[in-house]
1. State whether the residues of region 53-65 include one that is more than 15 Å from the chain's Cα centre (by Cα), part of a helix (DSSP H, G or I) and among the hydroxyl-bearing types (Ser, Thr, Tyr).
2. Hey, does region 11-28 have a residue that's surrounded by 15 or more Cβ atoms within 10 Å (Cβ to Cβ), in a helix (DSSP H, G or I) and touching a residue at least 40 places away in the same chain (Cβ under 8 Å)?
3. Out of region 29-52, which residues are acidic (Asp, Glu) and part of a helix (DSSP H, G or I)?
4. Output the number of residues of region 29-52 satisfying the condition of being among the charged types (D, E, K, R) and either surrounded by 15 or more Cβ atoms within 10 Å (Cβ to Cβ) or not assigned by TED's automatic domain parsing to the domain that holds ALA10 (or both).
5. What is the one condition in (1) in a helix (DSSP H, G or I); (2) within 17 Å of the chain's Cα centre (by Cα) that ALA72 does not satisfy?
Amino acid sequence: MLGTLLRDGATSVPALTAELPISRQAVAKHLAVLDGAGLIERQLGAGREVHYQLRPGALTPATTWLQEADSAWAGRLDRLKSAVEAKPRSARAAPG
């Protein structure tokens, strides 16, 4: 759903139901959860139609956390690689 909103900008329950392999009720429940989490907002369309779009900046905290986690893991893996490469070859050889 978030991918569709990122791609299309806005969408509706009928459009999501046609695109996703889940029921209309499941789409509505997912949208309610995303709305409750502050990730999306509703826009009234023509008649009774309701469109949903991402709330501006809503994904920024998640993006920041993912970038920090990626950086932390990259640092850990670099240190591990350096430690393994710094050991003498005889210490790294498997007993055989």
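The values are calculated or read from the model by the stated rules, or taken from the named source; none is laboratory data. For clarity, every value in this text was computed on a predicted model and none was experimentally measured. Because the Cβ atoms are built from the backbone with ideal geometry, glycine has one as well, and the counts that use them run over all protein chains shown.
1. The answer is no, given that none of the residues of region 53-65 is more than 15 Å from the chain's Cα centre (by Cα), part of a helix (DSSP H, G or I) and among the hydroxyl-bearing types (Ser, Thr, Tyr).
2. no
3. Residues of region 29-52 acidic (Asp, Glu): 35, 41, 49.
Across region 29-52, the qualifying residue is only ASP35.
4. In the first step, residues of region 29-52 are kept if they are among the charged types (D, E, K, R); the result is 29, 35, 41-42, 48-49.
From what's left, either surrounded by 15 or more Cβ atoms within 10 Å (Cβ to Cβ) or not assigned by TED's automatic domain parsing to the domain that holds ALA10 (or both): 41.
So the count comes out to 1.
5. It fails just one condition, (2).
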